[in-house]
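Read the structure below first, then the notes.
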Amino acid sequence: MAEDLLISKGTKEEQYESLVPQIKVLLEGEPDLIANLANIAGALKEQFNWLWVGFYLVKPSFAKASEGEDDELVLGPFQGPVACTRIRKGRGVCGASWARAETLIVPDVEKFPGHIACSSLSRSEIVIPIIRNNKVLGVLDVDSIDLNHFDILDQKYLEQVVDLINF
Ligand code: SME
């Protein structure tokens with residue numbers, strides 16, 4: 001397919017309904033994980049223009065295993081301002097989503113204990129874990145400059161997007 005994305009206007013639901021099938025087509029036949037994650041981040045940024053959208057992947061810890069966890073989240077493909085590169089399990093919204101293996105919607109990041117402020121402009125956030133065979137392999141993280149920006153509609157469709165990833 002041509003790599004142009006059809007940007008939809010309309011309600012949030014209409015925008016996702018138009019975008020998710022396009023993301024599915026973008027990923028079809030491409031086995032490379034980084035390429036696919038990069039295109040997902042690009043497509044979501046282009047459609048919704050959020051402050052930050054991207055992936056953290058569970059990888060072996062940089063520090064010696066004896067100093068703590070064996071694994072940590074490492075920054076993957078994203079769109080938006082530069083971000084922190086490594087997040088320990090349980091830390092911040094991303095680390096909490098990983099530890100709990102569940103989607104977290106944070107209406108006001110200042111009220112989330114331990115929130116990691118990669119950008120001072122971020123006011124609300126949603127994090128979706130990527131789970132395969134009961135293991136969290138990474139997370140999709142989205143930040144907005146608006147308070148209370150994400151809801152269960154975002155959760156529903158972003159979980160669909162994450163399900164499309166061929167890990
Ligand atoms: N705010 C996240 C850190 C990642 S950045 O937002 C890109 C957190 O608390 O886990």
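Read-outs: derived from the displayed coordinates by stated rules, not from any lab. Small disclaimer: the values here were computed from a predicted structure and weren't measured. No Cβ is skipped: glycine too gets one built from the backbone with ideal geometry, and neighbour counts run over all protein chains shown.
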Additional length obtainable on full extension of the chain from Asp151 to Phe112, 0.36 nm per residue less Cα span: 12.4 nm
Contact order normalised by residue count of the chain, Cα under 8 Å, 6+ apart, percent: 21 percent
Per-selection metrics, the chain (Cα): Rg and Dmax in Å: 15.4, 52
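If packing is taken as the mean number of other Cβ atoms within 10 Å per residue, what is the order of 144-151, 53-60, highest first?
53-60, 144-151
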Full-stretch length increase - Gln160, Leu6 - with 0.36 nm per residue and alpha-carbon distance subtracted: 53.6 nm
The chain - mean residue ellipticity at 222 nm from DSSP helices (-39,500 (n - 2.57) per run, n ≥ 4, rounded to 500): -10500 deg cm²/dmol
Placed amide H near Ser61: partners under 5 Å, 5+ positions off or other chain: Asp71, Glu72
Cα-based shape type of segment 8-52, given that a ≥ b ≥ c are square roots of the gyration tensor eigenvalues and the cut on a/c is 1.5: oblate
Anchor Lys59: lysines whose Cα lies under 16 Å away (excluding residues fewer than 8 positions away in-chain): Lys89, Lys135
Convex hull volume of segment 103-154 per residue (C-alpha atoms, cubic angstrom): 84 Å³
Straight-distance crosslink candidates among lysines, where the alpha carbon sits under 23 Å from Lys9 and sequence neighbours closer than 8 are dropped: Lys24, Lys45, Lys156
